[in-house]
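Down below is the structure, laid out as structure tokens.
The values are calculated or read from the model by the stated rules, or taken from the named source; none is laboratory data. If you're wondering where the values come from, they're calculated on a predicted model, not measured in any experiment. As a convention, Cβ positions derive from the backbone with ideal geometry for all residues, glycine included, and neighbour counts pool all protein chains shown. With ligands, DNA and RNA removed, areas are computed over all heavy atoms of the protein, side chains included. Shrake-Rupley method; radii C 1.70, N 1.55, O 1.52, S 1.80 Å.
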Amino acid sequence: MSSVNPTDPVRPVSPVGRLTTVIGNGITRVTDRALGPYQSAIIRIGFSATWLLFLLREFPHRRELYGPEGPWSWELAQQLIATNDAFTVLMWSDSMVWFEIVYAVAILATFLLLLGWRTRAVSVLFMVGVLSLQNRSVFMGDGGDNVLHLMAIYLVFVRCAQVWSLDARRVRRGRERLERDGSAPQDRVGPALWCVLGFALLVATFGGLIPGGDLVPGGWLTFFWGLWVVHALWWAVGRVTSDTKPRALLDIVGNLTHNAVLVVIMAEACLIYAAAGWYKIQGGRWQDGTAAYYPFHLDYFSPWAGLSDLLSSSGTMVMLATYGTVIVQVAFPFTLFNRRVKNVLLAVMMTEHAVIAVVLGLPFFSLAMIAADAVFLPTPFLKRLGGLVARGRDRVVRRVLPGRALTIPGPRDPRRSPLSQEKESAEQANVGFTA
């Protein structure tokens, strides 16, 4: 039997060994769990809230904006869709009743996504609502619609309900009941919702309503059927308790997909700011420091004329706003390697978008950009923000309903904080039929 002598010299690790260790740790990190649970949750909440506010704000004008009798007529939209193959269910019929149904479903799906209820299915309905309305009338946007358009697709692949959602609460309650009673109730709502959506997809397929009816690679029909089959496989594997390897494999694939899409979202935000900043540098008005003056005096972007005049009355303020905007947008992608500088510029950009929302009257564009920026928010800040919201919610509940509080059934360790309990359950949550 050999033994190690503590006096023996320790052999230095070779560069190849260190590289192998780093690569192994990186692979384990991106496959073991879905990263950024709080960041993905705030993206879900931010974009769903933005779209919900837009739908409610434009509800009185919905028929003029997206209806078949609007300025962009159903015939013109049909001609455009025939050339670009964009997806919209509003082209299935020119009936006003059908339009009202689609608009109502879009509002309902957005609200459920905001709450995080059955996120896997609702995120697909949210995407369908966003694409259907935006592709129906392509000129009804202010720039933020492009970001929302892409994010609606990304959210389908992101595990955005690990925390701050009804899905996470249901998983936590089921786990607590399993620990307490030794059994947990079977999920019936998820499979029922899956069957209903599958039937609707079947009708649309045989009706030839979705582009890509021959299941060509990359077609919308292939995309929807692929999602439906994957979630069916996820549910079926979850029912098999004799072998955990298939479920572990699906977890790895899901984590990889989530993490990859999260990186794409970050890269897109950086690309937006980098492109905007470098294009501004080429403009003469941005170079001489006067570009910020002109938007304040456009009738379309002056909801508060007095405030616009006040902000543009100082040449120094205009110059600082002009150069500051360019510097922040160009520098932000390079600050991701320095956490402190990144957080400072992130706060500046969010403040800038808030000012744009008020002064230039572009609230939904600003909300969309702030929601995109939220992917870079630090986790400790988001946890503190979640704690503040939870405490505020509890105060409101106690004041409105005296003697009642929002409690979760099941045993709890009083020595542990609710935040640590939420963190533990969130890191173990899998968003599928049962989440």
So in region 78-90, with the set limited to residues that are under 19 Å from E64 (Cβ atoms) and modelled with pLDDT under 90, which one is surrounded by the most Cβ atoms within 10 Å (Cβ to Cβ)? L80
Please list, ordered by residue number, the helices (runs of 4 or more DSSP H) wholly in region 56-124 having 2 or more residues that are among the polar types (S, T, N, Q). 74-84
Of the criteria (1) within 19 Å of I101 (Cα to Cα); (2) at pLDDT 90 or above, which one I43 fails: (1)
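Quick grid of which residues meet (1) of a type in the set (S, T, Y); (2) surrounded by 13 or more Cβ atoms within 10 Å (Cβ to Cβ):
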site	(1), (2)
A275	no, no
W278	no, no
F301	no, yes
S314	yes, no
M319	no, yes
Cβ contacts < 6 Å: first residue under 15 Å from P37 (Cβ atoms) and open to solvent by 10 Å² or more (accessible area, probe 1.4 Å), restricted to region 255-267; second residue hydroxyl-bearing (S, T, Y) and part of a helix (DSSP H, G or I), any location; separation 6+ or different chain. Result? V261/Y154
Among (1) of a type outside the set (S, T, N, Q); (2) modelled with pLDDT of 90 or more; (3) closer than 21 Å to A357 by Cβ; (4) touching a Gly at 6+ places or on another chain (Cβ under 6 Å), P303 falls short only on (2)
Residues that are among the basic types (K, R) and either over 24 Å from A371 (Cα atoms) or under 24 Å from the mean Cα position of the chain (by Cα) (or both), at least 1 per element: which helices (runs of 4 or more DSSP H) completely within region 279-360 meet that? 284-287, 339-359
For region 190-211, check the following and say yes or no: at least one residue is modelled with pLDDT under 90, part of a helix (DSSP H, G or I) and of a type in the set (V, I, T). yes
Just checking, how many residues over region 340-398 are β-branched (V, I, T) and surrounded by 16 or more Cβ atoms within 10 Å (Cβ to Cβ)? 4
